[in-house]
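**Q** Below is the structure I would like to discuss, written out as structure tokens.
The values are calculated or read from the model by the stated rules, or taken from the named source; none is laboratory data. This structure is a prediction, so every number in the text was calculated from the model and none was measured. No Cβ is skipped: glycine too gets one built from the backbone with ideal geometry, and neighbour counts run over all protein chains shown. Keep in mind that these areas ignore ligands, DNA and RNA; they rest on the heavy atoms of the full protein, side chains included. Shrake-Rupley method; radii C 1.70, N 1.55, O 1.52, S 1.80 Å.
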Amino acid sequence: MKVMKFGGTSVGSPAMIKHVARLISNEEPKLVVLSAMSGTTNALAAIAAELSRGNISGASDDIGTLESKYLETAGQLYFSEGSAEKARRHIRDSFSLLKGVAERPFSSVEEKIVLAQGELIVTMLMHLYLAETGVHSMLLPALEFMRTDKNGEPDMRFIRRNARKAVNRYPHNRIFITQGYICRNAAGEVDNLQRGGSDYTASLLGAALDASEIQIWTDIDGLHNNDPRVVSSTVPVRRLTFDEASKLAHFGAKILHPTCILPAKLRNIPVRLLDTMDPSAPGTLISDS
């Protein structure tokens, strides 16, 4: 089984969700990890900030704006009214939860619930779209198997046992969908792996499931020899060791979250960085073999 993680820009619009659905719709066994649609986590963080300041009116306006965006996305994504209505129902449920949070005292616990909604919504949108196109998938709630311990570090024993249990429950299924970034903490509360944590989710799950490969799909064809936002003539580096990639990520290579490498390195699972918009490009392979 491969683990395939798609970042926010890769699922940032109805057209991109459809494109990713085509990329994953084959018989190869895979666990697909999705980030929230681009811009969503920033919007949710802004809502949380408003609520923490007690600006209920401003937060409510922002919640309404974001809900309208998602309802519009549902209207554009599906060709059947039945699928669109299922998506709209899920979106309304998520935003009803946000509106409920806005009506009670706000704490760090509520903040994490707010921030989790982007991943929870986009995975349902993808699951419903695959079903509409005749592709069977299973939606696995990350909150059932992603957990941190009392020190805030991933509880690998828990993750390995429960992720395997979740996958093995459906032995004939070939495509699994789950959320990046979100988890529960040692107290059982909704939490997250910090910003950029979807890469970490993919690596942790790849290690837990002994995946054949972990793929990180983003908007650039691999890790480049310089920052393409600053230098115009960069080229992708086709092969790196885990240590080399970790150092580059630590010193600011934005394509890869610094914490992503370690779980894969410990289990010697290759990590491949790929371009969603140019899936035939070789990207960058990170391994020690």
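**Q** What net charge is computed for the residues neighbouring residue 113, neighbours being all others with C-beta under 10 Å from the C-beta of residue 113, Lys and Arg scored +1, Asp and Glu -1?
**A** -3
**Q** Using a probe of 1.4 angstrom, how much of the accessible area of the chain is carbon and sulfur, in percent? Let's see the in-between values first.
**A** Working: 6620 of 12950 Å².
That share works out to 51 percent.
**Q** At a threshold of 8 angstrom on Cα-Cα distance, excluding pairs fewer than six apart, so keeping six or more, what relative contact order does the chain reach in percent?
**A** Rounded, it is 21 percent for the chain.
**Q** Quick one: if the Förster radius is 41 Å, what FRET efficiency do residue 27 and residue 151 give, using the C-beta to C-beta distance and rounding to 0.05?
**A** Details: r = 41 Å, r/R0 = 0.99.
For R0 = 41 Å, the calculated efficiency reads 0.50.
**Q** With unit charges on the beta carbons (Lys and Arg positive, Asp and Glu negative) and the dipole taken about the Cα centre of the chain, which residue among 236, 77, 205 sits farthest to the positive side?
**A** The listed residue farthest towards the positive side: 205.
**Q** Can you compute the label reach from residue 241? Point 7 Å from Cα along the Cβ direction, backbone N cut-off under 20 Å, restricted to the stretch 266-289.
**A** Only 266-273, 284-289 pass the distance filter.
**Q** Got the relative contact order for the stretch 25-154 handy, in percent, Cα pairs under 8 Å and 6 or more residues apart?
**A** In percent, rounded to a whole number, it is 32.
**Q** Something else about it: Please state the charge dipole magnitude for the chain, taken about the Cα centre, from unit charges on C-beta atoms (+1 on K and R, -1 on D and E), reported in debye and rounded to the nearest 20.
**A** For the chain, the charge dipole is close to 680 debye.
**Q** Once amide H atoms are built 1.01 Å from N in the peptide plane, which residues 5 or more positions from residue 191, or in another chain, come under 5 Å H to H?
**A** Here 183, 184, 185 satisfy the definition.
**Q** Express the Stokes-Einstein translational diffusion coefficient of the stretch 103-233 in µm² s⁻¹, to the nearest whole number, given a Kirkwood radius over alpha-carbon pairs, 20 °C and a viscosity of 1.002 mPa s.
**A** Approximately 130 µm²/s, per Stokes-Einstein.
**Q** Return one number: the angle in degrees, 0 to 90 and rounded to the nearest 10, between the long axis of the Cα atoms of helix 56-77 and the longest principal axis of the Cα atoms of the chain.
**A** With rounding to tens, the tilt is 60 degrees.
**Q** Cα axis of helix 14-24 to longest principal axis of the chain: angle in degrees, 0 to 90, nearest 10?
**A** On a 0 to 90 degree scale, this one is about 40.
**Q** Give me the angle, in degrees from 0 to 90, between the Cα long axis of helix 156-168 and the longest principal axis of the Cα atoms of the chain, rounded to the nearest 10.
**A** 80
**Q** Follow-up. Given the rule -39500 (n - 2.57) for each run of at least 4 DSSP H residues, summed and divided by the residues of the chain, what is its mean residue ellipticity at 222 nm, to the nearest 500 deg cm²/dmol?
**A** -15000 deg cm²/dmol
**Q** Let me check the size of the stretch 1-110 from its C-alpha atoms; what are the radius of gyration and Dmax in Å?
**A** 16.1, 50
**Q** Add +1 for every Lys or Arg and -1 for every Asp or Glu among the other residues with Cβ under 10 Å from the Cβ of residue 162, and state the total.
**A** Local charge sum for residue 162: +4.
**Q** Tell me the net charge near residue 69. Cut-off is 14 Å between Cβ atoms, residue 69 excluded, with +1 for each Lys or Arg and -1 for each Asp or Glu.
**A** -2
**Q** Can I ask one more? Enumerate the residues in the stretch 121-149 having an amide nitrogen under 19 Å from the point lying 7 Å beyond the Cα of residue 79 toward its Cβ.
**A** 125-137
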